[in-house]
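The values are calculated or read from the model by the stated rules, or taken from the named source; none is laboratory data. Owing to the predicted nature of the structure, the values given are computational and were not obtained by experimental measurement. FYI the Cβ positions are ideal-geometry reconstructions off the backbone, even for glycines, and counts take in every protein chain you see. For the accessible areas, the whole protein counts, side chains as well, though only heavy atoms, and no ligand, DNA or RNA atoms are used. Shrake-Rupley method; radii C 1.70, N 1.55, O 1.52, S 1.80 Å.
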Amino acid sequence: MTKRIDIKTASQEAAKTIYQDILDALSAALMSYDPAILVSHVGFPFRMSTLERDFLIESEEDWLRSARLFHQNLVSLGVNHYIRLVSDADFLSENYIEGRHVTHTLCNATPVVPSYENRTVLTRKDGVWRIIQMDSAMQNDRWPISMPKVDITHKPVWNKPEPGADIRCTSASPIALYQTYLDALTRTVMEDDFNGWCEMCDFPHTIHMEQIDEVIETSEQIRPFFNMLRAQITEHKVDTFTRKADHAEFISASQICGYHTTNLTSKGEVKLGPVAGRYILNRTGTTWRMVSVTNSLANAKFPYSLPELSDALVSMRDIQERTTRQ
């Protein structure tokens, strides 16, 4: 277990040591393909960004699928040294470290892939540090990544957020912020406040279900959905509408990816639910607004008059794949 660190006195060297230890463990696990180590040093959801594309990896299975393919290709190319060296790192706050490293992929002393830069964010949960975000100078635009595509003429341009712009520099809890947002959004429905609902959404934002991906450009596109919720509340005499946060994480300086469960009940009896949900929230100033909504529903069109419950919450990876094909 990692020793508790007081960032008021901790040095950049301490941050670099933590960061390098995790990189060394992951690199060794990738070369030998050790699934237990590969998942124990990564937090989910894990945001992986290349120069071409952002990927949100939500499950250990999805992460290991790419790691296994990557490992197999390293072996086939004769790579025997996969080295990631930290160049700088510092604490954003007590439980977050941001740093940069360079990846070297070698067969003996000969590069198999040009060395490339990366920027990484680590978080500490229950005393354990894990990687939750990585920006890479790779040019790969598909997941899983089988082998890095690197063009040394294309250098990454990573702008550091203005002081105070990175929410991880504070002591804020992502799940507490997410629950506060859920409660406020739910309140707008119970109070029949459509304008209040719209103020909590970015336009455009996206809506996803088992079969549907929709882009919501204007408030009028969402009004039928809001009216449907109001009709359900009236018809079933709903007295309690809850969205309970199950998990949430900062996936960038200004974004949260959160998971929750929705239930509408009347006198203790569930009238609609449980519905699994995932929102991605974006922060502007001090205001959080949804930019992506996913619900475990099987409806074939949006908007719909009655929700059709599904067991599946389609993953962001699947959404990325099917929207790319369109």
Practice prompt. Please name all residue pairs, on different chains or six or more residues apart, with Cβ atoms under 7 Å, provided the first residue is in the range 35-56 and is open to solvent by 50 Å² or more (accessible area, probe 1.4 Å) and at pLDDT below 95 and the second residue is assigned to a loop (DSSP other than H, G, I, E, B) and small (Gly, Ala, Ser).
Written response: Leu51/Ala137
Practice prompt. Could you identify the single residue in Ala89, Ala165 that is in contact (Cβ under 8 Å) with a residue 12 or more places away in the chain and assigned to a loop (DSSP other than H, G, I, E, B)?
Written response: Ala165
Worksheet item: If you go through the range 233-248 one residue at a time, how many are on the phi > 0 side of the Ramachandran plot and in a strand (DSSP E or B)?
Response: 0
Worksheet item: What about Thr242, is it without any contact (Cβ under 8 Å) to a residue 12 or more places away in the chain, open to solvent by 30 Å² or more (accessible area, probe 1.4 Å) and within 29 Å of Ser171 (Cα to Cα)?
Response: no
Worksheet item: For the range 138-170, what are the residues that are within 18 Å of Thr123 (Cβ to Cβ) and at pLDDT 90 or above?
Response: Asp166, Ile167, Arg168, Cys169, Thr170
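To keep it simple, each residue is scored yes or no on (1) open to solvent by 50 Å² or more (accessible area, probe 1.4 Å); (2) closer than 19 Å to Pro303 by Cβ; (3) at pLDDT below 95.
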| residue | (1), (2), (3) |
| --- | --- |
| Asp192 | yes, yes, no |
| Ile212 | no, yes, yes |
| Ser219 | no, yes, no |
| Asp246 | yes, no, no |
| Glu249 | no, no, no |
| Thr261 | no, no, no |
Discussion item. So, Trp129, is that one of a type in the set (A, V, I, L, M, F, W, C), outside any loop (DSSP other than H, G, I, E, B) and closer than 24 Å to Arg100 by Cβ or not?
Written reply: yes
Item to complete: Assess whether Asn140 counts as being out of contact with any strand residue (DSSP E or B) (no Cβ under 6 Å at 6 or more places or on another chain) and closer than 28 Å to Thr284 by Cβ.
Response: no
Worksheet, complete the sentence: For the range 104-119 the number of residues that are within 23 Å of the chain's Cα centre (by Cα) and polar (S, T, N, Q) is 1
Item to complete: Could you check Arg289 against (1) charged (D, E, K, R); (2) out of contact with any Asp or Glu (no Cβ under 7 Å at 6 or more places or on another chain); (3) open to solvent by 10 Å² or more (accessible area, probe 1.4 Å); (4) closer than 17 Å to Leu185 by Cβ and say which number it fails?
Response: (2)
